[in-house]
Ligand code: C2E
Ligand code: MG
Ligand code: MG
Ligand code: MG
């Protein structure tokens, strides 16, 4: 009986893996058409300087409005795009779109820094440095206006190659942030070698900040590490006034999260920035 039960479990397991593979294949097929069908778009989440209370930039985040499934979260389709290589084309589109938007905002007097997520797969491309620099040039965006967010996995496959490319990008004036810091295979060796200027504390450590003692200690440690290595620390996933206050007085310089705003479509983002800064003016008079 036990054996039979085990077999059933096994069949059930195989069936569910089978379904997963089929789902992934379907998603992959749909994703291959998403770009040309204009189903992808970007939303922008403000990054706030905690000292001045002002919005200094925005992180561009991709969205996929699937015709039948509705909104598919990037955590679902980015891994698929990374696995089949289509992240290269999608990532180039993201960069293009973000630079176009940044140029438009600049022409309207809104000169913000724009942060773009760069996949480890993109960074491995031989032409990535030229691609990024030529995109900036085409949109007449000063390199200092662009920030690239990379994760620790970018440094794992070929550290020397990643170092070379990020150095070249940094020399051109682009700033580099380590995204989701603390969740990957963090090594202090690469932090020393890497031309990175920003550390983003992963939102998993911010969620229970002040509630969970370990998370609070981890966040403190990253802030201190940033200070001693002269890196700007950004907290992501800030949702409450208490978290904001704590991070600010603890010396964390930048923050983003639902407490300030969810990621917004470009038009709404513009309106948001204006009213956010208007409030600061009002509070100071
Ligand atoms: P990420 O780069 O670490 O982005 C932060 C994620 O946290 C975003 O999820 C954002 O919407 C979410 N978030 C922001 N504030 C809060 C908050 O206060 N609370 C909570 N619970 N979440 C918050 P999103 O937009 O779903 O993106 C997920 C991940 O997908 C990103 O994580 C990034 O790794 C990837 N991704 C998104 N857009 C792109 C892209 O254009 N290219 C690449 N390669 N990856 C992207
Ligand atoms: Mg990011
Ligand atoms: Mg992150
Ligand atoms: Mg993340």
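The values are calculated or read from the model by the stated rules, or taken from the named source; none is laboratory data. In this text, all values refer to a predicted model and were calculated from it rather than measured experimentally. Every residue, glycine as well, gets a Cβ built from its backbone with ideal geometry; the counts of neighbours run over all protein chains shown.
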Flag for residue 85 being exposed (fewer than 13 other Cβ atoms within 10 Å of the Cβ) and in contact (Cβ under 8 Å) with a residue 12 or more places away in the chain
yes
Among the residues that make up the range 170-179, is at least one of them surrounded by fewer than 17 Cβ atoms within 10 Å (Cβ to Cβ) and within 25 Å of residue 62 (Cβ to Cβ)?
yes
Of the residues that make up the range 34-53, is at least one farther than 24 Å from residue 239 by Cβ, at pLDDT 95 or above and within 17 Å of the chain's Cα centre (by Cα)?
yes
Residue in the range 232-259 that is nearest to ligand 4 (Cβ to nearest atom), counting only those that are touching a strand residue (DSSP E or B) at 6+ places or on another chain (Cβ under 8 Å) and farther than 23 Å from residue 176 by Cα
243
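Residue-wise test of (1) over 22 Å from residue 123 (Cβ atoms); (2) more than 16 Å from ligand 1 (Cβ to nearest atom); (3) in contact with a strand residue (DSSP E or B) (Cβ under 6 Å, 6 or more places away or on another chain).
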position	(1), (2), (3)
150	no, no, no
157	no, no, no
167	no, yes, no
173	no, yes, no
213	yes, yes, no
224	yes, yes, no
Go through (1) within 15 Å of ligand 2 (Cβ to nearest atom); (2) part of a helix (DSSP H, G or I) one by one and return the number of the condition residue 83 breaks.
(1)
Note on the range 171-183: residues away from ligand 3 (no atom under 11 Å from the Cβ) and touching a helix residue (DSSP H, G or I) at 6+ places or on another chain (Cβ under 9 Å) are 172, 173, 174, 175, 176
Of all residues making up the range 126-154, the number that are within 16 Å of ligand 3 (Cβ to nearest atom) and free of Cβ contacts under 8 Å to residues at least 60 places away in the same chain
6
Would you be able to say whether some residue in the range 154-167 is at pLDDT 90 or above and on the phi > 0 side of the Ramachandran plot?
no
Could you look through the range 203-227, keep only residues that are in contact with a helix residue (DSSP H, G or I) (Cβ under 7 Å, 6 or more places away or on another chain) and within 16 Å of ligand 2 (Cβ to nearest atom), and pick out the one that is nearest to residue 240 (Cα to Cα)?
206
